[in-house]
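Comments concern the structure below.
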Amino acid sequence: MIEWAVAGGVITGRSGAEQGWGFMDVERLGDYQWADLRALRLAALAEAPDAFWATLADESGYDETRWRAFVAGVAWFVVRRDAEVVGAAGGVQTEDGEPELIGMWVAPGVRGRGYGAALVSAVSDWARGVGAPAIGLWIVQGNDPARNLYQRCGFRPTGERAPLPSPRVGVEERLRLTL
């Protein structure tokens, strides 16, 4: 669990030193930090285009107003290695009332060092904070590194599957974590 603090309207969490790789800070973004999310999302969509519903072409065309709305409509968290933003994940309320973890990505150069788990923890803590008994996510089949991370964090398959949106080919499946 991350220790959370609020200072100057910014919510941050610190997990402490992580085995010589620097300090890891997790922060919930405010809409004024839209440029941080934009930079990270565009990097994610360029590096792992098959892991997301969105496309680089779509999101690179968003203007500041749309990015601010994107940040305001989702509980976005970023993780920093020292001062550098190296990953993000969001939490969103769904119509059925069970929140979902969305948009998870960690820069390739720092994967396997706990940043992804810190983001999952932050979004799970957010879901607990809104009173949710569980949180779900959808993952593209074949994304075994992400699946392994989510399962280490306690997510389990629900058996639900859905085709990816056209023109992409493939299936995604739903995982769920009871909080």
Considering each residue of the stretch 20-54, count those that are out of contact with any Asp or Glu (no Cβ under 7 Å at 6 or more places or on another chain) and assigned to a loop (DSSP other than H, G, I, E, B), and give that number.
7
Of the conditions (1) touching a Phe, Trp or Tyr at 6+ places or on another chain (Cβ under 9 Å); (2) under 22 Å from T55 (Cβ atoms), V85 satisfies every one except a single condition; which number is it?
(1)
Determine whether the stretch 26-35 contains at least one residue that is at pLDDT below 90 and crowded, with 19+ Cβ neighbours inside 10 Å.
no
Being surrounded by fewer than 22 Cβ atoms within 10 Å (Cβ to Cβ), under 18 Å from N143 (Cβ atoms), over 15 Å from the mean Cα position of the chain (by Cα) and without any contact (Cβ under 8 Å) to a residue 40 or more places away in the chain, is that true of even one residue in the stretch 102-124?
yes
If we keep only residues of the stretch 152-179 that are in a loop (DSSP other than H, G, I, E, B) and either free of Cβ contacts under 8 Å to residues at least 40 places away in the same chain or aliphatic (A, V, I, L, M) (or both), then the residue nearest to P133 (Cα to Cα) is L179
Note on F23: of the conditions (1) touching a Lys or Arg at 6+ places or on another chain (Cβ under 9 Å); (2) within 22 Å of A162 (Cβ to Cβ); (3) at pLDDT below 85, unmet is (2)
Given (1) part of a strand (DSSP E or B); (2) at pLDDT below 90, index of the condition D58 fails:
(1)
Do the conditions hold for G136, that is, is it out of contact with any helix residue (DSSP H, G or I) (no Cβ under 9 Å at 6 or more places or on another chain) and free of Cβ contacts under 8 Å to residues at least 24 places away in the same chain?
no
Evaluate the following for R28: is it within 29 Å of R156 (Cβ to Cβ), in contact with a helix residue (DSSP H, G or I) (Cβ under 6 Å, 6 or more places away or on another chain) and among the charged types (D, E, K, R)?
no
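The values are calculated or read from the model by the stated rules, or taken from the named source; none is laboratory data. Here the structure is a predicted model, which is why all the values come from computation and not from measurement. Cβ sites come from the backbone with ideal geometry, for glycine too, and all protein chains shown count toward neighbours.
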